[in-house]
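Structure, as structure tokens:
The values are calculated or read from the model by the stated rules, or taken from the named source; none is laboratory data. Because the structure is a prediction, the values reported are computed rather than measured. With ideal geometry, Cβ positions are generated from the backbone for all residues, glycine too; neighbour counts draw on all protein chains shown. Accessible surface areas use protein heavy atoms only, side chains included; no ligands, DNA or RNA. Shrake-Rupley method; radii C 1.70, N 1.55, O 1.52, S 1.80 Å.
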Amino acid sequence: MYSNEEYLLELLTEAGLVMESDLQKVKTTKKPNESTLEGLIKTGVVSDEQVAQTVAVNSGMEFIDLHGFAASPQLKTLVPMEVARKYKIVPVGMNGPAMQIAVSDPYDFETLDALPHVIQPDLEYFCSTPALISALQLNVYGNEFVTDASSAAAGGMKSDDAPVIKLVNNILLEAFKNGASDIHIEPLEKDIRVRLRIDGVLHDVEHHPKRLHSAIIARVKIMCGTMSVDEKRVPQDGRIQMAFQEKELDMRVSIIPTNNGESVVMRVLDKSSLRLGLSDLGFLSDDQDTFEKLITLPDGIVLVTGPTGSGKTTTLYACLNFINRPDRKIITVEDPVEYELAGINQVMVKEDVGMTFGAALKAILRQAPNIIMIGEIRDLETASIAINASLTGHLVFSTLHTNDAPSSIARLADIGVKPFLIASAVRGILAQRLVRKLCGTCKEPTSLNEREMRHLGLEASQLYSANIMGPKGCNKCRGAGFKGRMVIAEIFKVDDEVRNMVNMQLTTPQLRKRARELGMRTLREDGIRKVMAGMTTAGEVIEATMADAE
């Protein structure tokens with residue numbers, strides 16, 4: 001109720017409003033979850049207005065009686081509804097440029113320090129009772145103040161007249177409409193830049209005055225609900241969950257201090273990706289057939305490799321969707337759990353309490369799963385447990401950070417896994433990249449130039465039956481000519497011959513050469529197929545496969 005109740009009880013005793021006998025009686029009769037002060041008010045020893053007046057006098061604030069207070073319709077434009085709820089305050093008017101705010105606890109210094117950043121710097125504080133403030137809140141904001149409590153706690157977007165609220169909501173709306181995967185709010189020397197990452201490419205979309213920076217950051221922190229508005233010296237992480245236009249939005253938020261102020265990145269977690277099938281990812285039919293056979297094996301390890309941002313997690317989720325059946329127990333170990341998968345047990349890594357990948361894996365093996373997904377193999381402990389699990393009848397999915405599929409063998413060996421264990425456990429490796437898909441509405445026929453032909457190693461005779469297409473731009477793709485992304489893939493099957501080569505500790509180039517002789521297509525070769533099918537452009541494939549230029 002009050003942040004410094006012990007001090008307040010001393011004040012009430014010194015003022016003669018509460019006797020020592022009253023304190024002793026209330027302490028022995030009050031309910032377990034009730035404070036002594038609440039007990040004193042409940043039993044009528046002291047009224048809540050007497051408490052508020054005592055607090056006001058000793059804190060230097062003026063007491064304001066809100067009984068019958070005339071709530072002007074303009075009041076709710078001064079303070080956003082969720083701010084009033086979070087900080088237990090209510091606006092009562094303006095005094096020139098200063099906004100007048102009623103608070104119930106003048107000793108809540110965290111709130112008093114935060115409000116100038118959240119609302120405006122020039123504030124005048126008055127003290128009133130919690131009950132009177134609650135009544136006026138309902139009067140000012142209406143029934144929505146009560147009925148919208150749960151959505152406000154989750155950061156729900158509501159129509160609001162506060163400029164900063166509308167500004168942040170508009171940024172989120174723009175990101176939602178354009179299918180952005182990331183929102184970047186960056187303080188520059190003289191202004192604030194807002195950028196959206198759409199189909200893997202950052203677009204500069206808005207600039208705002210630097211004076212709004214503190215208010216924008218405070219608004220984002222409030223929407224997260226777990227961040228400290230006052231703390232600006234260290235990085236903070238949080239999450240925003242909200243419903244908008246009948247769609248659930250989920251954003252992972254990272255705030256970090258920079259030389260120009262705090263910078264925000266909001267990763268939009270698109271739950272529609274959970275329903276993607278392998279064909280939706282961009283696999284051509286032959287590769288899809290090969291990969292489906294790998295992921296339906298009864299045991300072994302299937303790895304998905306590629307750099308950060310290459311869609312590895314989405315591919316793993318698509319695999320789990322494909323093989324998820326009631327007769328199979330599937331457990332994942334992730335850092336963090338970004339999406340909730342129906343019918344699948346998900347475990348989040350928490351290294352600060354000792355729940356590492358290794359510790360989690362040891363525990364979940366006792367849960368008798370059929371299939372295990374490990375977010376990433378990072379060290380020998382995790383790799384060893386994963387391999388042992390695969391050799392004892394479990395199918396294991398995981399990711400590695402390698403440039404291509406065959407080099408994953410060397411990566412596991414570098415971690416410390418013995419070659420014979422790698423050869424025995426690994427069933428297949430998928431390396432992937434993401435390229436932008438041409439907009440199906442406006443793409444148009446085109447041809448490859450000499451540079452593109454040279455980079456892709458193509459001859460004119462190979463393009464005779466090709467369907468080369470290029471971007472044009474329309475309203476559906478926002479004039480970009482591209483809409484969405486797809487996978488280009490390299491699938492390395494570990495058969496008996498490859499196992500022998502692994503046991504012989506052949507080099508990655510030797511493994512790669514033999515894999516290609518056995519029919520493995522490289523990332524670039526798969527990309528070329530998709531260029532010739534009119535699905536993407538040569539420029540996209542060249543950029544995504546610069547390391548695969550042989």
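Stokes-Einstein at 37 °C, 0.692 mPa s, Kirkwood radius from Cα pairs: D for segment 385-445 in µm² s⁻¹? For these conditions, the coefficient is 234 µm²/s. Between segment 373-403 and segment 25-40, the C-alpha centres lie 56 angstrom from each other.
Summing charges over all other residues whose Cβ lies under 9 Å from the Cβ of residue 222, with Lys and Arg as +1 and Asp and Glu as -1, gives +2. Solvent exposure of the chain, expressed per residue, is 47 Å² of accessible area, with all protein chains present and a 1.4 angstrom probe.
The alpha-carbon of residue 25 sits under 15 angstrom from the alpha-carbons of these aspartates and glutamates, leaving out residues fewer than 8 places away in its chain: 34, 38. At the residue level, residue 485 shows approximately 90 square angstrom of accessible surface with a 1.4 angstrom probe and all protein chains present.
Within the accessible surface of segment 239-371, defined with a 1.4 Å probe on protein heavy atoms only, the carbon and sulfur portion equals 48 percent. Element breakdown for segment 416-455 at a 1.4 angstrom probe: carbon and sulfur atoms account for 48% of the accessible area.
The lysines within cross-link reach of residue 476, meaning a Cα-to-Cα straight distance under 29 Å and a gap of 8 or more places when in the same chain, are 158, 166, 177, 247, 271, 312, 437, 443, 530. The local environment of residue 16, defined by Cβ-Cβ distances under 14 Å, has a net charge of -4 under the rule Lys, Arg +1 and Asp, Glu -1.
Summing Lys and Arg as +1 and Asp and Glu as -1 over all other residues whose Cβ lies under 15 Å from the Cβ of residue 93 gives a net charge of -3. The chymotrypsin sites (Phe, Trp or Tyr not before Pro) of segment 454-550 meeting both criteria, a DSSP state outside H, G, I, E and B (loop) and at most 12 other C-beta atoms within 10 angstrom of the site's C-beta, are 464.
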